[in-house]
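Only one structure is covered here, and it is reproduced in the block below.
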Amino acid sequence: MTTLSSTSPKTAAMARLIKKPKNKVWISVLRHFVLILILFAMLYPLLWMVGASLRPNNEIFRSLGLFSGNLTFANYVHGWTGGGALSFSRYFLNSVTISGLSVVGNLIACSLTAYAFARLEFPLKRLLFAVLLGTLLLPYHVTLVPQYILFNKLNLINTFVPLILPHFLGTDAFFVFLMVQFIRALPTDLDDAARIDGASHWQIFVRIIMPLALPAIGTTALFTFINSWNDFLGPLLYLSNTSEWTVPLGLNAFLDATGGQSSYGALFAMATLSLAPLVGFFVAFQRLLIEGIATSGIK
């Protein structure tokens, strides 16, 4: 009896130690399996689009499978060389120009505006900042007609100016607010030390604030590029000449609005290529984006 009573607790303890890791392994396997299923469900439309771009036009909607045995790259050739109104390279160039200048404009205007609200003191500062944040409540369509009338009076329709100029005027209140909050988290002792050394506001802004605010700058650049690249309504409203169309308008050209034969193969092929700049831009600014989301003040 003594032997049994002495070994029984040890045996139970060993059983628990052996059973616990197995449970952890199965839980981990089940968790990863569920995550893989969710990931596949999220990526399935994208994978299907890539697969559809490699099918003949008459086989695209025959099945929900990702790939078929009859693969072809003719859709890419047809779409790039002029399946729409012009060569698709023209649309890419227009989108890169508009998106690139929009990023530059937002970075310059929003950073300067944010520095003024975060570091400078001037009359009606809080009221003006409240009014700026209040513009976030205005839908884009509310200001659409007045802006169109204004640019029409200035003879700027059918140019890139209406799509680029607002970004140089600090009109994106969200990015101003983002940078203001980030700059406010930076210690003012750095500004005081630089001011003692004779630095001006411009030198403090360029040499101290901007290097420390790189996460906010990267986040602003990334979302500005994505919003400008994917914008369909703005170019549709201001650009009527096909030579000035952007990628979204170029993709729309593959669809026949009269109900005729639409070139879906070329559409999916060019839509796949249009994702490349977005993915490249995201990869380039991914580290700054994560830091901008995770950072709260100085670590």
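The values are calculated or read from the model by the stated rules, or taken from the named source; none is laboratory data. The structure displayed is predicted, hence computed values, not measured ones. We place every Cβ from the backbone using ideal geometry, glycine too, and count neighbours over all the protein chains shown.
Things to note:
This table checks each residue for (1) at pLDDT below 90; (2) closer than 30 Å to Asn57 by Cα; (3) over 14 Å from the mean Cα position of the chain (by Cα).
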{"position": "Asp192", "(1), (2), (3)": "yes, no, yes"}
{"position": "Ala199", "(1), (2), (3)": "yes, no, yes"}
{"position": "Pro215", "(1), (2), (3)": "yes, no, yes"}
{"position": "Ile226", "(1), (2), (3)": "no, yes, no"}
{"position": "Val247", "(1), (2), (3)": "no, yes, yes"}
{"position": "Gly280", "(1), (2), (3)": "yes, yes, no"}
{"position": "Leu289", "(1), (2), (3)": "yes, no, no"}
{"position": "Gly297", "(1), (2), (3)": "yes, no, yes"}
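- Verdict on Arg62 being surrounded by 19 or more Cβ atoms within 10 Å (Cβ to Cβ), outside the structural domain of Met270 (by TED's automatic domain parsing) and part of a loop (DSSP other than H, G, I, E, B): no
- Qualifying residue in the stretch 255-268 (condition: touching a Phe, Trp or Tyr at 6+ places or on another chain (Cβ under 8 Å), free of Cβ contacts under 8 Å to residues at least 12 places away in the same chain and farther than 30 Å from Pro139 by Cα): yes
- Residue satisfying condition, being assigned by TED's automatic domain parsing to the domain that holds Leu275, in contact with a His (Cβ under 8 Å, 6 or more places away or on another chain) and modelled with pLDDT of 85 or more, within set Leu120, Leu127: Leu120
- Residues in the stretch 77-99 that are under 19 Å from Tyr238 (Cα atoms), in a helix (DSSP H, G or I) and touching a residue at least 24 places away in the same chain (Cβ under 8 Å): 9 in all.
- Residue match in the stretch 130-144 (condition: modelled with pLDDT of 90 or more and among the aromatic types (Phe, Trp, Tyr)): no
- Annotation note: of Thr159, Thr113, the sole residue that is among the β-branched types (Val, Ile, Thr), surrounded by 13 or more Cβ atoms within 10 Å (Cβ to Cβ), modelled with pLDDT of 90 or more and part of a loop (DSSP other than H, G, I, E, B) is Thr159.
- Among residues of the stretch 112-156, those that are at positive phi and not aliphatic (A, V, I, L, M), counted: 1
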